[in-house]
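S.K.: Take a look at this one; I'll ask things after.
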Amino acid sequence: MPKGYGGMPGNMNNLMKQAQKMQKKMEETQAELENRTLETSSGGGVVKITVNGKKELLDITIDPAAVDPDDVEMLQDLLLSAVNEALRQADEMVQKEMSKIMPAGMPGLF
């Protein structure tokens, strides 16, 4: 009887093994990314934002010089800018690391 009958063909077994390895590597990478942090700033560093790979906001630092009661909108804009940049960088970091794992023919899963 030819190899592979009564079970999965040889190529299918190899494909399943590769998929399991890839899944394990993805899980390990996701766990590592959750512990990685990124810091961004806006306004020349007067507002600093720290996020992790899960896109959780971990810290906000505001230089007292940025706190002008007559211009609260500027501080709000600085915060929005820094938070959005931090989240964009977190997405980029995740995409970059996951693209190292995923085969070239399977883009866009993350």
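The values are calculated or read from the model by the stated rules, or taken from the named source; none is laboratory data. What you see is a predicted model, and the numbers here were worked out from it, not measured in a lab. All Cβ positions, glycine included, derive from the backbone under ideal geometry; neighbour counts span all protein chains shown. Remember, those area values only see protein heavy atoms, side chains included, never the ligands or the DNA or RNA. Shrake-Rupley method; radii C 1.70, N 1.55, O 1.52, S 1.80 Å.
S.K.: Could you check ILE60 against (1) open to solvent by 60 Å² or more (accessible area, probe 1.4 Å); (2) assigned to a helix (DSSP H, G or I) and say which number it fails?
M.R.: The failed condition is (2).
S.K.: In addition: Pairs, please: C-beta under 8 Å, at least 6 apart or cross-chain, first residue open to solvent by less than 80 Å² (accessible area, probe 1.4 Å) and in segment 27-39, second among the basic types (Lys, Arg)?
M.R.: THR29/LYS100; LEU33/LYS54
S.K.: Here are SER41, SER81: which of them is at pLDDT 90 or above, small (Gly, Ala, Ser), touching a strand residue (DSSP E or B) at 6+ places or on another chain (Cβ under 9 Å) and not in a helix (DSSP H, G or I)?
M.R.: SER41
S.K.: From (1) open to solvent by less than 90 Å² (accessible area, probe 1.4 Å); (2) closer than 25 Å to GLU85 by Cβ; (3) not in a strand (DSSP E or B), pick out the condition that doesn't hold for LYS48.
M.R.: Tallying (1) open to solvent by less than 90 Å² (accessible area, probe 1.4 Å); (2) closer than 25 Å to GLU85 by Cβ; (3) not in a strand (DSSP E or B), LYS48 fails exactly one: (3).
S.K.: Scan segment 60-82 and report the pairs whose first residue is at positive phi and of a type in the set (Phe, Trp, Tyr) and whose second residue is surrounded by 13 or more Cβ atoms within 10 Å (Cβ to Cβ) and in a helix (DSSP H, G or I), with Cβ atoms within less than 7 Å and a gap of 6+ or a chain change.
M.R.: none
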